[in-house]
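Only the coordinates and a few stated rules stand behind these numbers; no lab work does. None of the values given here were measured: they were computed from a predicted structure. Here Cβ is always computed from backbone atoms with ideal geometry, including for glycine, and neighbour counts include all displayed protein chains.
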Amino acid sequence: MNVMGPGDVITVPEHHLARRHGARRIAVLRANALGDFIFALPALDSLRAAYPQAEIVLLGAPWHARFLAGRPAPVDRVVVVPPLAGVRDAEPGEPAQPRDEFVAKARLEQYDIAIQLHGGGRNTNPLVAALGAGLTVGLRADDAPPLDRWVRYTYYHPEVFRYLEVVGLVGALPVSYRPALTVTAADQQQLRAVLPPPVRPRVALHPGSSDPRRRWPAERFAEVGDALADAGAEVVVTGTAAETGVVQAVLTQMRSPAVPVVDALGLGGLAALYTECALVVSNDTGPLHLATAVGAATVGIYWVGNFINGAPTDRARHRPMISWTLHCPVCGLDCTRDIYPARGGGYGCTHAASFVADVPAVEVRDAALELLRR
């Protein structure tokens with residue numbers, strides 16, 4: 001197998017890609033947001049299948065520890081990585097922890113394999129290398145130091161397959177390319193405290209996003225919501241506390257009644273809600289990928305670059321709608337080329353104008369009604 005790096009080609013003998021026999025403990029660094037974790041699930045499932053006796057430890061964020069507690073998952077436990085520059089931001093009120101202190105404690109775990117599934121590696125590869133694992137594996141961009149085995153990081157690459165390629169370097173063959181999450185009885189109980197069971201087909205609209213550039217206009221969500229209500233659906237509009245304004249904008253512009261669910265459910269309760277939905281219509285954000293992972297049908301609204309990286313691959317249950325906006329509506333920058341200056345990648349400037357406003361409401365409506373009828 002050839003593993004490409006900046007200016008070089010490394011030939012890796014096939015037997016070096018076989019499973020590392022005797023591995024007892026595997027660390028996987030993936031300490032970012034909800035959608036990012038869901039994209040890595042097929043790779044984690046593949047690791048679990050390849051190393052059934054090993055303990056798989058997710059080096060994650062505090063929300064991973066909360067969300068995965070008591071939930072069937074391909075990881076055995078979560079070790080929270082402290083807020084570190086280029087790795088993750090601190091949650092509100094989270095205490096600081098020196099990097100050296102975290103690394104010293106992590107080395108006591110005696111990881112046999114440490115895997116970096118957390119970006120190009122400029123900041124994360126040194127952290128993974130410092131863990132003292134017998135074998136380090138991960139991604140490498142031009143500005144990142146190498147690990148023992150690595151694959152070239154390029155921005156436009158479907159995320160699910162990016163991480164499957166990485167775990168393949170330790171012999172973890174794909175067992176699925178569809179992310180899947182288990183909904184628990186506790187999730188259902190949380191949901192029942194907020195909403196009763198649906199009496200007719202329930203659909204959810206999620207008009208928010210932490211990145212305003214990924215937000216489709218509220219009036220178009222309202223138009224789609226009315227069409228679904230006219231077709232007999234019960235419409236729920238979900239959002240976080242920070243998205244209260246956009247949820248209210250959808251509700252006030254709909255002529256049909258809809259139920260707001262704003263900051264009322266944790267991630268588990270939201271997952272349970274989506275399992276009861278005949279359809280979820282959402283911007284490209286964490287809840288959309290959560291809905292996909294728990295089996296809901298979805299209509300997702302994507303900027304074209306994010307479509308390449310994050311859209312589901314099958315069309316039996318999913319209709320990703322693509323915006324072909326290539327230049328910033330404010331400054332005209334070609335945002336398909338100038339990627340990295342923007343926080344999070346994918347857009348090369350910091351203007352907050354929507355990059356998905358060109359997706360026609362009629363196309364989203366028709367896709368949603370088709371899935372609802374199915």
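Just to be sure I understand: with springs between alpha-carbon atoms less than 10 Å apart, which residue in GLY225, GLY239, GLY266 has the highest mean-square fluctuation in the Gaussian network model of the chain?
GLY266
Can you put THR244, THR298 in order, fewest other beta carbons within 10 Å first?
THR244, THR298
Have a look at the DSSP beta bridges in segment 185-373 and tell me what percent are antiparallel, nearest 5.
Roughly 5 percent of the beta bridges in segment 185-373 run antiparallel, per DSSP.
I need the calculated FRET efficiency for the pair THR182 and ASN123, taking r as the beta carbon distance and R₀ as 25 Å, to the nearest 0.05.
Result of the calculation: an efficiency of 0.20.
Tally the DSSP beta bridges in the chain and give the antiparallel ones as a percent, rounded to 5.
Values: 6 of 50 bridges.
Of all bridge pairs located within the chain, approximately 10 percent are antiparallel.
What number, rounded to the nearest 500 deg cm²/dmol, is the helix-based mean residue ellipticity at 222 nm of the chain, given -39500 (n - 2.57) per DSSP H run of at least four residues and division by all its residues?
-9000 deg cm²/dmol
In segment 144-191, which trypsin sites (Lys or Arg not before Pro) are in a loop and have at most 12 other Cβ atoms within 10 Å, using DSSP for the loop call? Intermediate values should be presented prior to the final figure.
Working: sites: ARG149, ARG152, ARG162; in loops: none.
The qualifying sites: there are none.
Does segment 230-270 come out rounded, prolate or oblate, given a ≥ b ≥ c as the square roots of the eigenvalues of its C-alpha gyration tensor, rounded meaning a/c under 1.5 and, failing that, prolate meaning a/b above b/c?
On the way: a/c = 3.74, a/b = 1.40, b/c = 2.67.
Since a/c reaches 1.5 but b/c is at least a/b, the shape of segment 230-270 is classed as oblate.
Could you work out the relative contact order of the chain, using alpha carbon pairs under 8 angstrom and six or more residues apart, expressed as a whole percent?
15 percent
Hey, any idea what Rg/Rh is for segment 2-170, computing Rh the Kirkwood way over Cα pairs?
0.94
Under 10 Å, Cα contacts only: if you run a Gaussian network model on the chain, which one of GLY138, GLY22, GLY168 comes out with the highest mean-square fluctuation?
The residue with the greatest mean-square fluctuation here is GLY22.
Using amide H atoms built in the peptide plane, which far-off residues or other-chain residues are under 5 Å from LEU117 H to H?
Distant-sequence amide H within range of LEU117: LEU29.
Skipping prolines and chain starts, which residues have an amide H placed within reach, meaning under 5 Å, of the one on VAL294, given they are 5 or more residues away or on another chain?
LEU181
Once you place label points 7 Å from the Cα toward the Cβ at VAL194 and VAL175, how far apart are they in nm?
Modelled inter-label distance: 3.0 nm.
How much length would be gained if the chain were fully extended between ALA85 and ALA352, taking 0.36 nm per residue of separation minus their Cα-Cα distance, in nm to one decimal?
Length gained, ALA85 through ALA352: 93.8 nm.
Taking P(r) over Cα pairs in 10 Å bins from 0, in percent as the quantity of interest, determine which of (i) 5, 23, 31, 25, 13, 3, 0; (ii) 4, 15, 19, 18, 14, 12, 8, 4, 2, 2, 2, 1, 0; (iii) 5, 20, 27, 25, 15, 6, 2, 0, 0 was computed from the displayed structure.
The value computed from this structure is option (i).
For a protection proxy built on the mean count of beta-carbon atoms within 10 angstrom, sort 200-211, 303-314 highest first, please.
Details: 200-211: 22.7, 303-314: 19.4.
The packing order, highest mean first, is 200-211, 303-314.
Applying the Karplus parametrisation 6.51 cos²θ - 1.76 cosθ + 1.60 with θ = phi - 60° to the phi angles of segment 233-240, what ³J(HN,Hα) value in whole Hz is obtained for each residue in order, glycine and proline being reported as x?
Whole-Hz 3J(HN,Hα) from phi for segment 233-240: 8, 8, 9, 10, 10, 9, x, 7.
For the pair GLN97/ASP366, report the inter-label distance in nm, with labels modelled 7 Å from Cα in the Cβ direction.
That separation, rounded to one decimal, is 5.2 nm.
Starting from the eigenvalues of the Cα gyration tensor, five times each then square-rooted, give me the equivalent ellipsoid semi-axes of segment 185-373, largest first, whole Å.
Gyration-tensor ellipsoid for segment 185-373: 27, 17, 16 Å.
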